[in-house]
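The values are calculated or read from the model by the stated rules, or taken from the named source; none is laboratory data. Small disclaimer: the values here were computed from a predicted structure and weren't measured. No Cβ is skipped: glycine too gets one built from the backbone with ideal geometry, and neighbour counts run over all protein chains shown. Protein only, heavy atoms only, side chains kept; ligands, DNA and RNA dropped before computing areas. Shrake-Rupley method; radii C 1.70, N 1.55, O 1.52, S 1.80 Å.
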Amino acid sequence: MEQGVTPQGAVEGTGAVASGAGHAPRPSGAVDTRRRIPRTDTLLSDPRLVEAVGRLGPRVVKAAVRQAQEQARDGCIPPERVRDAALALLPGTAGGLRPVINATGVVLHTNLGRASLSAAARQAVLEAAGPTDVELDLHTGVRARRGRTAVKALCDRVPSAAAAHVVNNGAAALVLVATALAAGKEIVISRGEMVEIGDGFRLPDLLVSTGARLREVGTTNRTTAADYAAAIGPQTGFVLKVHPSNFRVTGFTRAADVGELAPLGVPVVSDIGSGLLAPHPLLPEEPDAETQLRSGASLVTASGDKLLGGPQCGLLLGDGELVRTVSRHPLARALRVDKLTLAALEATLTGPRTPTAAALAADPEQLMARAEELAKALSADGIDVRAVDSAATVGGGGAPGVTLPSAALSLPESCAAALRTGAVPVVGRLEAGRCLLDLRAVPPEDDERLAGAVRSAAGR
Ligand SMILES: *Cc1c(COP(=O)(O)O)cnc(C)c1O
């Protein structure tokens, strides 16, 4: 690379170039160094940056150029390196989000965007990016129900759901149900299910914000069907069951299940959270939409980007009349999902196994075999690394308390920051003074990229 840097006439060719002097220049040399930093218009005429402007737009490229010039002004790089530095600083896309490798061992990590889309879902998003028939019947040429094929795919996967509706996320599904069925009325809910979903957002606050009143029943640890029955009256909008998806209460506990509440004569809405459509053998305590509806729930609400493994969205499934009421409410328009989400959701529902399902099903022995192979190759490069047993979790998306046996690369703790900020950012977790890169949520096809990132972080 070094020899590819050609000094640019008057700007850079100002005599002896102290190339390789990567240190801050002495004050006397600072002015000279600054003068040798290539000007913005000179840099932007470089064919590679011209190409980048066409691909990423001028704002993004100019920002990279300015950042590289800044680095030279600060003495972090010599002026001759500004051009290469600007090129290296160009992002892969014009969007600000960086793809990362999730080596946290948390399969659904909210800070990393929860579920990773399948290749089929990614392809569907790309194809839906232009004009699509999202709200048009191409045969008749007249307007059609938005997202009808995604809704059909959802109902096909959950036979007990007479109808379905899709909104922006799980919280939006709850807000819409509460508004449409209980504004000015009461939502009967157990004190044991007043959940904070994260980042300070609490479901009770969300529900009350719709104008519904909460009628709390039972206690933190125990609530019976009789508690609900005693609270039901003319003011009741619906009974809400919320799955404690991010915590567990154990010991002297009792909760009424949907089957006990269904005969109470009011709609029972079950917020299952995770988006499991059918029972999952590895997660026996995680509620699923089909079983909840079959047990008597009128409606189920769930997220699309948790265990379902799809895009961020909120699912509403169940009774045809209730789904219709909810989906025709004026607020439904404000919570409507875009075509990209519908495309990804449908491809998730109809397509091959999702990365989330694959991560859950990964065999611990195979994970260890991958870890050992990676550790062997990296050790050969002189890196302090070993393969270790690890315990992965599902994450905020569901199955609290469940650990999934896994395998990880164990590196010095000091690698963590370099791994996060490298060209291919890798997010691991710190444990007992080591940085662990857990392989459960890393698809095997990413192993090479992971190894490359570890080498860069270790300076090899
Ligand atoms: C995650 C979750 C929500 C919120 O869903 P989002 O899609 O994050 O808005 C609501 N209820 C339960 C039980 C959850 O697990």
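Need a quick list: helices (runs of 4 or more DSSP H) entirely within region 204-315 having at least 1 residues that are more than 16 Å from the ligand (Cβ to nearest atom) and farther than 27 Å from N169 by Cβ.
225-231, 258-261
Pull out all pairs, ordered by first then second residue, where Cβ-Cβ is under 6 Å, the residues are six or more apart or on different chains, the first lies in region 412-432 and is over 24 Å from A88 (Cα atoms), and the second is of a type in the set (K, R) and modelled with pLDDT of 95 or more.
E413/R434
Which count do you get for residues in region 162-202 that are farther than 27 Å from N221 by Cβ and not in a helix (DSSP H, G or I)?
11
Cβ contacts < 7 Å: first residue without any contact (Cβ under 8 Å) to a residue 24 or more places away in the chain, restricted to region 260-289; second residue away from the ligand (no atom under 11 Å from the Cβ) and among the acidic types (D, E), any location; separation 6+ or different chain. Result?
Pairs that qualify, where the first residue is without any contact (Cβ under 8 Å) to a residue 24 or more places away in the chain and the partner is away from the ligand (no atom under 11 Å from the Cβ) and among the acidic types (D, E), are P279/D288.
Scan region 194-204 and give yes if some residue there is surrounded by fewer than 15 Cβ atoms within 10 Å (Cβ to Cβ), closer than 28 Å to A343 by Cβ and modelled with pLDDT of 95 or more, otherwise no.
no
Table: residues versus (1) in contact with a helix residue (DSSP H, G or I) (Cβ under 6 Å, 6 or more places away or on another chain); (2) β-branched (V, I, T); (3) in a helix (DSSP H, G or I).
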site: D84; (1), (2), (3): no, no, yes
site: N111; (1), (2), (3): no, no, yes
site: E127; (1), (2), (3): no, no, yes
site: T132; (1), (2), (3): yes, yes, no
site: L138; (1), (2), (3): no, no, no
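Is at least one residue of region 143-152 within 16 Å of the ligand (Cβ to nearest atom), of a type outside the set (S, T, N, Q) and in contact (Cβ under 8 Å) with a residue 40 or more places away in the chain?
No: region 143-152 contains no residue that is within 16 Å of the ligand (Cβ to nearest atom), of a type outside the set (S, T, N, Q) and in contact (Cβ under 8 Å) with a residue 40 or more places away in the chain.
Find the residue count for region 86-102, including only residues that are exposed (fewer than 14 other Cβ atoms within 10 Å of the Cβ) and not in a loop (DSSP other than H, G, I, E, B).
Here the count works out to 1.
Out of everything in region 159-203 that is in contact with a Leu (Cβ under 6 Å, 6 or more places away or on another chain) and of a type in the set (S, T, N, Q), what residue ends up being farthest from the ligand (Cβ to nearest atom)?
It comes out as S160.
Only one residue in A387, A391, A358 is at pLDDT 95 or above and in a helix (DSSP H, G or I), so which one is that?
A358
Out of region 360-395, which residues are open to solvent by less than 40 Å² (accessible area, probe 1.4 Å) and under 23 Å from the mean Cα position of the chain (by Cα)?
L360, A362, L367, S390, A392, V394, G395
Read through the list (1) within 16 Å of the ligand (Cβ to nearest atom); (2) open to solvent by less than 20 Å² (accessible area, probe 1.4 Å); (3) more than 19 Å from L240 (Cβ to Cβ); (4) not basic (K, R), then give the number of the only condition that T341 fails.
Checking T341 against (1) within 16 Å of the ligand (Cβ to nearest atom); (2) open to solvent by less than 20 Å² (accessible area, probe 1.4 Å); (3) more than 19 Å from L240 (Cβ to Cβ); (4) not basic (K, R), the one that fails is (2).
Sort out which residues of region 316-338 are open to solvent by less than 10 Å² (accessible area, probe 1.4 Å) and assigned to a strand (DSSP E or B), and write them in order of number.
Within region 316-338, L316, L317, G318 qualify.
Could you please let me know if S327 is closer than 15 Å to N169 by Cα and within 14 Å of the ligand (Cβ to nearest atom)?
Answer is no for this residue.
Can you find a residue that is hydrophobic (A, V, I, L, M, F, W, C) and under 22 Å from S295 (Cα atoms) anywhere in region 218-226?
Yes.
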